[in-house]
Amino acid sequence: MTALDDLYDQQGQSPWLDNLRRDWLEDGTLAGLVDRGIRGVTSNPTIFAKAIAGQATYDQEFGDLIKTKSVEDAYWDLVVADIIAALAILRPVYDSSDGGDGFVSVEVAPALAHDTEGTTSAARALHQRIDQPNVLVKIPATAEGVPSIHTMIGEGRSINVTLIFSITRYGEVIEAYLSGLEALAASGVDDLSHVASVASFFISRVDTEVDRRIEAAAAAATDGAALLALRGQAAVAQARLAYRLFAERFSGPRWDALAARGAKVQRPLWASTSTKNPAYPDLAYVDSLIGPDTVNTMPDGTVADFLDHGTVTRTVDAGLAEAEALIAQLASAGIGMEDVAQVLESEGVASFAKSFDELVQSLTDKARSLSSGS
């Protein structure tokens, strides 16, 4: 038994891996991490950009694909192959947990983040192409993405909602899930147990942006030291308040009616949980957000840190009054969490789009190289 096993067995939190590489699929690394307690995998365009562009592992297959396909179509073939291989490794976890874990996530193209119809079509196509019960298609929680979430859940498709930065938007995501399940039930589907979803609430990036604003405000404030003392706290405070909202919305008559049909809660997933500021503890966004019906997806370095010195204690609903007070203090200093969230959402969409564009360009260059035989 490892600390990852204890996290799930004792506290009901599922540790997932926020990384996917073909060499890990082939050399047993991912299978070994699953043996040590990893219960799911997330990926995104940045992760695939690093994996595909940074390794020769894909060159032979890519070279064969571009003989008959475009560079972008070849990219999706490579991605889908990796997702399917990872799904096979995680399938025993899915089966043994009755569909509670064992998921692998794949994201629609980042350029669709503000295109409701395009996102819906792409998510549906990925589900149909991969056609495995433990795949989660990732849809960003933009204003345009939320209707797609409702539609996909209403079709009985499992979704990982990504890029959530605010409690207000999180509430909209929960509503999309609940109303989607209700639409599915109204369509005549009696058993809702096959539908899964997680709501990916990003953590460390919140502190990065809030800390930047705190430092700017402190430089012009008479009580600058008091403001500076608030650094490194906003992300966890907001996540704990989000968990409170989760507990409220997944209870009561409306939820009970869905649960009676086998519906699963849409678990909060803590994403971006590696520590960006070296002044903060390496597990600042893991040890502080442990609790039932949650997921923490960690990059491999953070997984190693948790295996080495993680603390398995329920913390996700601690200090709620203090969390509220902190958010109020920040607002009084002119730091509004909704504005922070909007900036981070825009940056997140742009970052993934940039990674995707850079990857396509890198693959285009590689295709030319392979075609010329150099």
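Coordinate-derived values only; no laboratory data. Here the structure is a predicted model, which means the values were calculated and not measured. Cβ: placed from backbone, ideal geometry, glycine included. Neighbour counts: every protein chain shown.
Considering amide H positions built from the backbone, and no H for Pro or chain starts, which residues 5 or more places from Asn296, or on another chain, come under 5 Å of its amide H?
Long-range HN contacts for Asn296: Ser14, Trp16, Trp270.
Tell me, what HN-Hα J-couplings in whole Hz come from the Karplus equation 6.51 cos²θ - 1.76 cosθ + 1.60 at θ = phi - 60° for each residue of segment 150-165, using x for Gly and Pro?
Along segment 150-165, the couplings run 4, 5, 5, 5, x, 8, x, 9, 7, 9, 9, 7, 10, 6, 9, 10 Hz.
Taking other Cβ within 10 Å of each residue's Cβ, how do Trp255, Trp270 sort, fewest first?
By the 10 Å Cβ count, ascending: Trp255, Trp270.
With a cut-off of 8 Å between alpha carbons and a minimum separation of six or more residues, what is the relative contact order of the chain in percent?
Reported relative contact order: 21 percent.
Based on the mean of other beta carbon atoms within 10 Å per residue, what is the order of 145-153, 294-302, most packed first?
Packing order, densest peptide first, comes out as 145-153, 294-302.
Tell me, what ³J(HN,Hα) does each residue in segment 129-137 have, in order and in whole Hz, if you take phi through Karplus 6.51 cos²θ - 1.76 cosθ + 1.60 with θ = phi - 60° and put x for Gly and Pro?
Running phi through 6.51 cos²θ - 1.76 cosθ + 1.60 with θ = phi - 60° gives 6, 7, 6, 10, x, 9, 8, 10, 8 Hz.
Using modelled amide H (1.01 Å from N, peptide plane; none on Pro or chain starts), what sits under 5 Å from the amide H of Gly262, excluding residues fewer than 5 places away?
Leu192
Order these peptides, 120-128, 83-91, by their mean beta-carbon neighbour count within 10 angstrom, highest first.
So the peptides 120-128, 83-91, ranked by packing, come out 83-91, 120-128.
Taking amide H atoms as placed 1.01 Å from N in the peptide plane, list the residues 5 or more away in sequence, or in a different chain, whose amide H sits under 5 Å from that of Lys138.
Sorted by chain and number, the residues that satisfy this are Val106, Glu107, Val108, Asn160.
Hey, of (1) 5, 23, 33, 25, 11, 3, 0; (2) 4, 19, 25, 22, 16, 9, 4, 1, 0; (3) 5, 25, 36, 25, 7, 1, which did the structure itself give for P(r) over Cα pairs in 10 Å bins from 0, in percent when calculated?
Among (1) 5, 23, 33, 25, 11, 3, 0; (2) 4, 19, 25, 22, 16, 9, 4, 1, 0; (3) 5, 25, 36, 25, 7, 1, the one derived from this structure is (1).
Work from the charge dipole of the chain (Cβ charges, +1 for Lys and Arg, -1 for Asp and Glu, about the Cα centre) and give the residue of Thr315, Thr168, Ile327 farthest towards its positive end.
Going by the charge dipole, the pick is Thr168.
I'd like the Karplus ³J(HN,Hα) series for segment 75-89: coefficients 6.51, -1.76, 1.60, θ = phi - 60°, whole numbers in Hz, and an x wherever there's a Gly or Pro.
The phi angles translate into 4, 5, 4, 5, 4, 4, 4, 5, 4, 5, 5, 5, 4, 5, 5 Hz.
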